[in-house]
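Chemist: One structure, pasted below without further comment.
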């Protein structure tokens with residue numbers, strides 16, 4: 001936290017939160033669930049390159065611990081825009097909080113099933129007889145991998161087994177000692193392992209990439225009163241994303257994220273690897289989809305998964321109220 005450079009200070013906003021009234025604003029407090037600048041490189045590029053300033057916006061960045069805290073600040077009127085995960089947002093809506101996803105930042109899953117680059121494994125079906133590393137025995141990455149392997153007719157305890165080997169750097173030894181032949185990991189963990197000299201290759205089937213990760217969200221009240229501001233905000237993000245995807249600008253992108261969180265970029269190899277996987281994860285699964293777009297079928301998958309796991313009591317009667325694509329065309333206009 002201390003290493004993260006705050007852009008602006010405070011959460012005191014010129015709004016009347018209690019009444020739900022929001023005046024169109026040009027100064028935005030944007031709150032994130034963790035301090036990684038690389039995970040949110042488009043925002044930091046948009047700040048560093050002056051894209052928000054060109055749109056007449058001032059951005060104040062605040063960091064909290066997790067999506068639940070992000071949603072609390074949005075619901076209480078202490079932040080304008082936040083970046084929660086889809087599952088916490090749906091749970092919040094089930095509690096009656098009218099929060100809406102407006103921009104699909106991590107358009108692909110933040111988890112992945114990976115193998116060493118030199119491995120003969122090409123698909124999940126090839127993992128029969130393989131021990132698969134996970135961070136913890138009960139982490140979300142376990143269920144993610146188990147679902148993939150079940151769909152490939154592999155049964156835990158017979159065809160494969162999980163081994164808890166820790167996150168990131170602590171998992172390196174398990175690969176070096178050949179204790180595991182694959183790893184179910186968050187993108188940041190895979191970046192750490194690759195930076196430690198073990199290049200990894202992803203074998204996650206495309207349907208599982210559709211379980212998108214965190215994205216930008218606002219309350220319904222803010223959305224209704226600030227459509228022009230949201231258009232400007234997303235337009236700057238799309239412009240920054242395109243800038244960042246140009247290989248000629250890579251060094252500049254790394255400088256912008258390092259300026260926001262110097263500690264995260266102390267290891268250049270890690271920063272490089274994490275930026276690579278984040279850039280991949282922030283592009284749509286379907287290349288024809290525009291940046292920020294939210295596929296309705298992906299939201300349906302999330303809902304079905306949460307109902308099946310018991311995290312949601314029942315499906316929503318109006319799932320489409322949890323998200324909107326109304327700004328996507330304007331954001332992506334040339």
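Chemist: Mind listing just one residue for me: the one in segment 177-200 that is under 17 Å from residue 127 (Cα atoms) and surrounded by 14 or more Cβ atoms within 10 Å (Cβ to Cβ) and, of those, nearest to the chain's Cα centre (by Cα)? First the steps, then the outcome.
Modeler: Just the residues of segment 177-200 that are under 17 Å from residue 127 (Cα atoms), to begin with: 178-185, 200.
Adding the requirement that they be surrounded by 14 or more Cβ atoms within 10 Å (Cβ to Cβ) leaves 180-185, 200.
On the way: 180: 27, 181: 26, 182: 22, 183: 19, 184: 16, 185: 14, 200: 20 Å.
Among residues in segment 177-200 that are under 17 Å from residue 127 (Cα atoms) and surrounded by 14 or more Cβ atoms within 10 Å (Cβ to Cβ), the one nearest to the chain's Cα centre (by Cα) is 185.
Results for (1) in contact (Cβ under 8 Å) with a residue 24 or more places away in the chain; (2) farther than 17 Å from residue 223 by Cα, shown as yes or no for each residue.
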residue: 46; (1), (2): yes, yes
residue: 55; (1), (2): yes, yes
residue: 67; (1), (2): yes, yes
residue: 72; (1), (2): no, no
residue: 82; (1), (2): yes, no
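Condition check ((1) crowded, with 21+ Cβ neighbours inside 10 Å; (2) closer than 26 Å to residue 30 by Cα) across all residues:
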| residue | (1), (2) |
| --- | --- |
| 228 | no, yes |
| 233 | yes, yes |
| 251 | no, yes |
| 263 | no, yes |
| 301 | no, no |
| 306 | no, no |
| 311 | no, no |
| 322 | yes, yes |
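Chemist: Let me ask another. What residue, of 192, 148, is part of a helix (DSSP H, G or I), farther than 30 Å from residue 317 by Cβ and out of contact with any strand residue (DSSP E or B) (no Cβ under 8 Å at 6 or more places or on another chain)? Steps first, answer last, please.
Modeler: Details: 148 fails: out of contact with any strand residue (DSSP E or B) (no Cβ under 8 Å at 6 or more places or on another chain).
None of the other options fit; the residue is 192.
Taken together, the values in this text are just the output of simple stated rules run on the coordinates, not laboratory data. Note that the structure is a prediction, hence the values are computed from the model and not measured. Cβ: placed from backbone, ideal geometry, glycine included. Neighbour counts: every protein chain shown.
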